[in-house]
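Input: a single structure, listed below in structure tokens.
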Amino acid sequence: MLLGKVSLTPALCTALRISPAFSGIQKQIGAAATQNARLYASSQAAEAVLDKQAVGTTTATKAATAKKAQSVESQSFAVNMFKGQINPSQVFPFPSVMNEEQTQFLQELVPPVSKFFEEVNDPAKNDSLEKVEDSTMESLKEMGAFGLQVPQDLGGVGLTNTQYARLVEIVGQHDLGVGITLGAHQSIGFKGILLVGSPAQKEKYLPKLATGETLAAFCLTEPASGSDAASIKTLATLSPCGKHYILNGGKIWISNGGLAEIFTVFAKMPMMDEKTGQMKDKITAFIVERSFGGVTHGPPEKKMGIKASNTAEVYFENVPVPIENVLGEVGGGFKVAMAILNNGRFGMAAALSGTMKGVITQAVDHAANRVQFGSKIHTYGAIQEKLARMTMLQYVTESMAYMISGNMDSGSKDYHIEAAISKIFASTDILWLFPVVCIQGSGVERVMRDLRIFRIFEGTNDILRLFVALNGFQDAGKHLKSLQKALKNPLGNAGLLAGEITKRAKRTAGLSTGLTLQGSVHPELSHSGNLAVKAIEHFGVTVEDMLLKHGKNILHEQFVLKRVADSAIDLYAMVVVLSRASRSLSQGHASAQHEKILCETWCIEAYDRIMKNVKDLKSSSTTQVFKNMKAISAAVVENGGIVAPHPLGF
Amino acid sequence: MSRVLVGVKRVIDYAVKIRVKPDHSGVVTDGVKHSMNPFCEIAVEEAVKLKEKKFIKEVVAVSCGPTQVTETIRTALAMGCDRGIHVEVSGKDYEAMGPLQIAKIFAALAKKEEASLVILGKQAIDDDCNQTGQMTAALLDWPQGTFASEVTIDGEKVKVVREIDGGLETIKISMPAVLTADLRLNTPRYATLPNIMKAKKKKIANMKPADLGVDMVSRVEVLRVDEPPTRLAGVKVETVDDLVAKLKANGTI
């Protein structure tokens, strides 16, 4: 098309919508990130940004290798959608990753576990006792529930992520308090040993952890360090003999804190920075045994929900930790923490999809039998909408959980955005809708109290939204940067440039750019597939626009980041249900038509929400709204409360 | 005193709402949740307990039917049985299969395996026949202890406490013998995940009724299956006089 001599004319730059000064932006995001390192250090985004945009830190060499790895195209759907591209490899067809043996094994596990939770575990009792009944704990240990993902040769059940998700779903359906007790133990408590432990550490600790003889807890949070995890103050200093680290500090809100024998503890250590020659605080992860001495804990916190789960403060006073108990690399603790949290996140979506299933069954029962104003209430539109929404939300959550577990089992390492999305989605405000239909239902009131924490722990939803958005921006930014580079050598990159110009010209003209889900999506769902494609295109453009408008300051535009994240979540949700419903249609399931309606309805509403976000982000009135909100917030903060005087004047 | 045979039957799960097929030839089984007959669970539990108390050396779980029954055998293995035998019966033979055919199969197996005890559930919750144990004992000419709520091994004899209409009856029978388990005999254990894993390594042998010299021809033909008639609503009356009047009016008195 335009080959021949292509020079970096202003016209070309406009056509490609790239500011000639753009090359600076990537570096600036990196620099800003380093400056404000701690501002978002708890979000993996910053860590990733810091890592990959290393500006003279010890991670420089790591960044180089990371950059090399990044040059291999990411297969993650979420990463690509931020660039306005579709990579269907991880989402279509809906993953089916278990072989016959694994499927058969899982089918044998489900009935006894379900039976146990239906007949033996008493959630109401656990809730009122504020602990899991002793006999139940014993039975759970015998059952093998404490080592589901520990390899069989170390005494565990050796489940894959998908198999684990299926069992965790059952627990979520019946008793979230037990769910957290089990999850705090194995999903995060000793997951670090599974992920990065040395063979010696695995052999030493996993067998007893698998049988539940010892329980584990994950100790990161401190009174002054929640979301800002990199700011923790618990200190580890090497002893004079060089054989131990001496641990001092206090952790709060630790699930299983009062029960655990084995703690994964994160502490800071001053370390010599190779590049600058200065001492820097780096976090290291340790396996700490209560038996080392100096480990004490506080009384169980009185909580609103998940009361059966033990939550306590844990104190470390001059605890000697053998140097063999460093988990992962010295100074690499933050990465270990993020890897652990990332790895366990899909479990929450799985558990909550089970919770939703249970609540929906009760809601349906109530709606189908309760008579008011002369008719069963499920005949009224208001109730029908509630039941329909509950059903769609459960369908999406379940689909996300098993898509992600399937991706993980297939060996994908690139699932962190999707995992974060699934956790946010499963736990968002919408869950409040659930019990509203039948608050009188037995146990539903307890479920409502249990659900609140899911928006807060394991990465608050606010932080995770920032993470999703920033991670997405970072990759999109790189893509733009590579275009920038291409512009410097247009002849050598003529193909890439030609493609981009064509794409953008088409977009400006309102034509489709050739992006399609045809071939992936079932023909009966092609309309919804087109909505998804359109949404991805608009989303990609919006991401670019925001990058160009804000540059490095995008880091601070949280109003923007939130809306971008919400759109990303809706988009991923659309694609996930398109995949699942397509599979049901292709396989001729009895429920295929019902799933088709679920999918289509979800896509229509999600599309509308995404387009509204896209529009808002372009509109000046929304920018004004953000400014106003900032001002309102400043005023009430300054006033210590409501500013407007009482209408009555006193 | 070494080997016990336990029969396990795969039936529609007790919690499922049963529906009759439109052609009234039977009940809907496709896609319906199935599990081990509850009385068979109790039988398995008793056998495994006897083994744990070292009265017997080996427990063999047996089931007759199509491929799906291996799931049920595996559950028995997960509860502690040592090995399984799957007697393959499918199609029309399976549909027509009843207590007499099963009893013949068990009698043949008991002789082949040189079992000291055959323990069965007292009845299955799908057909409620309550015949298989009795027929098996008769075919073998062995003593039987049916409706057992307590079993104690005493040397070469078995003391069985039986639940009967009048209360409890205690009998002492010689082995080899056939026992059938009643509800209060024990509380079956939950299969633990590690045991399910171990069960995967246990062997399930395959055979056909013909291998045991058993003919599966049924002497019973099911003509029709119907749902029980829907219960009609009753009528409430205020006084005894009203009641008497109503009863007289509809000819009852």
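For the range A:511-545 and the range B:152-229, what is the separation of their Cα centres, given in Å?
A separation of 60 Å, based on Cα centres.
Compute the Cα gyration tensor for the protein assembly as shown, then decide on rounded, prolate or oblate, letting a ≥ b ≥ c be the square roots of its eigenvalues: rounded whenever a/c is under 1.5, prolate when a/b is larger than b/c in the other cases, and oblate in all that remain.
Judged from the Cα gyration tensor, the protein assembly as shown comes out prolate (a/c at least 1.5, a/b above b/c).
Work out which trypsin sites (Lys or Arg not before Pro) in chain A are exposed loop sites (DSSP not H, G, I, E or B, at most 14 other Cβ within 10 Å) and give the longest gap free of them.
A:414-650
Where is the GNM fluctuation largest for chain B (alpha-carbon springs, 10 angstrom cutoff): B:Leu139, B:Leu100, B:Leu77?
It is B:Leu139.
Using modelled amide H (1.01 Å from N, peptide plane; none on Pro or chain starts), what sits under 5 Å from the amide H of B:Glu150, excluding residues fewer than 5 places away?
The list, which skips near neighbours in sequence, is B:Val161.
Using 0.36 nm per residue, how much length does the chain from A:Asp608 to A:Thr103 gain when fully extended, once their Cα-Cα distance is taken away?
178.0 nm
Would you kindly derive the ³J(HN,Hα) couplings of the range B:8-16 from the backbone phi angles with the Karplus curve 6.51 cos²θ - 1.76 cosθ + 1.60 (θ = phi - 60°), listing them in order in whole Hz, with x for Gly and Pro?
Computed from phi, the couplings for the range B:8-16 are 10, 10, 8, 10, 5, 4, 4, 8, 6 Hz.
Give me the percent of DSSP beta bridges within the protein assembly as shown that run antiparallel, rounded to the nearest 5.
Roughly 60 percent of the beta bridges in the protein assembly as shown run antiparallel, per DSSP.
Run through the DSSP bridge list for the range B:3-250 and note the antiparallel percent, rounded to the nearest 5.
40
With θ set to phi - 60°, apply the Karplus curve 6.51 cos²θ - 1.76 cosθ + 1.60 along the range B:141-158 and write out the HN-Hα couplings as whole Hz, x wherever there is a Gly or Pro.
Taking θ as phi minus 60°, the curve returns 6, 10, x, 10, x, 9, 6, 6, 10, 7, 10, 10, 8, 9, x, 8, 10, 10 Hz for the range B:141-158.
With the cut-off at 1.5 for a/c, could you classify the range A:132-176 from its C-alpha gyration tensor as rounded, prolate or oblate?
Verdict is oblate for the range A:132-176.
Quickly estimate the mean residue ellipticity at 222 nm for chain A, helices only: each DSSP H run with n ≥ 4 gives -39500 (n - 2.57), and the total goes over all residues, rounded to 500.
Result for chain A: -18000 deg cm²/dmol, rounded to the nearest 500.
When chain B is treated as a GNM, springs tying every alpha-carbon pair under 10 Å, which of B:Lys157, B:Lys111, B:Lys17 comes out with the largest mean-square fluctuation?
Result for chain B, Cα springs under 10 Å: B:Lys17 fluctuates most.
Calculate one ³J(HN,Hα) per residue across the range A:226-232 by plugging θ = phi - 60° into the Karplus curve 6.51 cos²θ - 1.76 cosθ + 1.60, and present them in order as whole Hz with x for glycine and proline.
After applying 6.51 cos²θ - 1.76 cosθ + 1.60, I find x, 4, 7, 4, 6, 9, 4 Hz.
Between 0 and 90 degrees, rounded to the nearest ten: what's the tilt of helix B:38-52 against the longest Cα principal axis of chain B?
30
Please name whichever of A:Leu648, B:Val118, B:Pro229 sits farthest to the positive end of the charge dipole of the protein assembly as shown, dipole taken about the Cα centre and charges placed at Cβ: Lys and Arg +1, Asp and Glu -1.
A:Leu648
Hey, which lysines would be in cross-link range of B:Lys236, C-alpha to C-alpha under 26 Å, not counting anything within fewer than 8 residues on its own chain?
A:Lys376, B:Lys246, B:Lys248
Quick one: putting +1 on the C-beta of Lys and Arg, -1 on the C-beta of Asp and Glu, what dipole do you get for the protein assembly as shown around its Cα centre, in Debye to the nearest 20?
Taking the Cα centre of the protein assembly as shown as origin, the dipole is about 3080 debye.
Projected onto the charge dipole of the range B:3-250 (+1 at Lys/Arg Cβ, -1 at Asp/Glu Cβ, origin at the Cα centre), which of B:Thr146, B:Val87, B:Val59 gives the Cα projection farthest towards the positive end?
The Cα lying farthest towards the positive end belongs to B:Val59.
Assigning unit charges at the beta carbon (Lys, Arg +1; Asp, Glu -1) and nothing else, what dipole magnitude in debye, to the nearest 20, does the range B:3-250 show about its Cα centre?
Dipole about the Cα centre, nearest 20: 900 debye.
Out of residues 5 or more away from A:Trp253 or on other chains, whose amide H comes under 5 Å of its own, with H placed 1.01 Å from N in the peptide plane?
A:Ala312, A:Glu313
Can you put A:Thr428, B:Thr132 in order of Cβ neighbours within 10 angstrom, beginning with the fewest?
Starting with the residue having the fewest Cβ neighbours, the order is A:Thr428, B:Thr132.
Which FRET efficiency value, to the nearest 0.05, is calculated for A:Glu317 and B:Lys198 with the Förster distance at 30 angstrom and r the Cβ-Cβ distance?
The computed FRET efficiency comes out at 0.10.
Once you've got the Cα coordinates, tell me which of A:Lys202/A:Lys303; A:Lys131/B:Lys200; A:Lys83/A:Lys423; A:Lys303/A:Lys627 are over 25 Å apart.
Listed pairs above 25 Å: A:Lys202/A:Lys303; A:Lys131/B:Lys200; A:Lys303/A:Lys627.
How far is helix B:69-79 tilted, in degrees, relative to the longest principal axis of the Cα atoms in chain B, given as a value from 0 to 90 rounded to the nearest 10?
70
Run the simple label-point estimate for B:Val240 and A:Phe626 please: 7 Å along Cα→C-beta, distance reported in nm.
Output for this residue pair reads 8.6 nm.
I want to check the label-to-label distance for A:Val364 and A:Met279. Put each point 7 Å from Cα in the C-beta direction and report it in nm to one decimal.
Output for this residue pair reads 6.4 nm.
Going through the cross-link list A:Lys115/A:Lys208; A:Lys204/A:Lys268; B:Lys112/B:Lys201; A:Lys307/A:Lys413; A:Lys386/A:Lys596; A:Lys191/B:Lys33, which pairs have a Cα-Cα distance over 28 Å in this structure?
From A:Lys115/A:Lys208; A:Lys204/A:Lys268; B:Lys112/B:Lys201; A:Lys307/A:Lys413; A:Lys386/A:Lys596; A:Lys191/B:Lys33, over 28 Å: A:Lys307/A:Lys413; A:Lys191/B:Lys33.
Have a look at B:Glu150, B:Glu58, B:Glu221 and tell me which one the Gaussian network model of chain B (Cα, springs below 10 Å) gives the largest fluctuation.
Result: B:Glu221 has the largest fluctuation of those listed.
Please state the charge dipole magnitude for the range A:273-388, taken about the Cα centre, from unit charges on C-beta atoms (+1 on K and R, -1 on D and E), reported in debye and rounded to the nearest 20.
Rounded to the nearest 20 debye, it is 700 debye.
For every other residue with a beta carbon closer than 11 angstrom to the beta carbon of A:Pro93, add +1 if it is Lys or Arg and -1 if Asp or Glu, then tell me the sum.
Net of charged neighbours comes to +2.
So which aspartates and glutamates pass the test for A:Lys243, namely a Cα distance under 20 Å, with those fewer than 8 places away in the same chain ruled out?
Here the aspartates and glutamates satisfying the reach criterion relative to A:Lys243 are A:Glu289, A:Glu317, A:Glu324, A:Glu329.
For B:His34, enumerate residues with amide H under 5 Å from its amide H, sequence gap 5+ or separate chain, H modeled in the peptide plane.
Here the answer is B:Asp13, since their amide H atoms fall under 5 Å of that of B:His34.
No value in this document is a laboratory result; all are computed from the given coordinates. Bear in mind that the values here come from a model prediction, so they are computed numbers and not experimental data. A quick note on method: Cβ atoms are made from the backbone with ideal geometry, for glycine too, and the neighbour counts reach across all protein chains shown.
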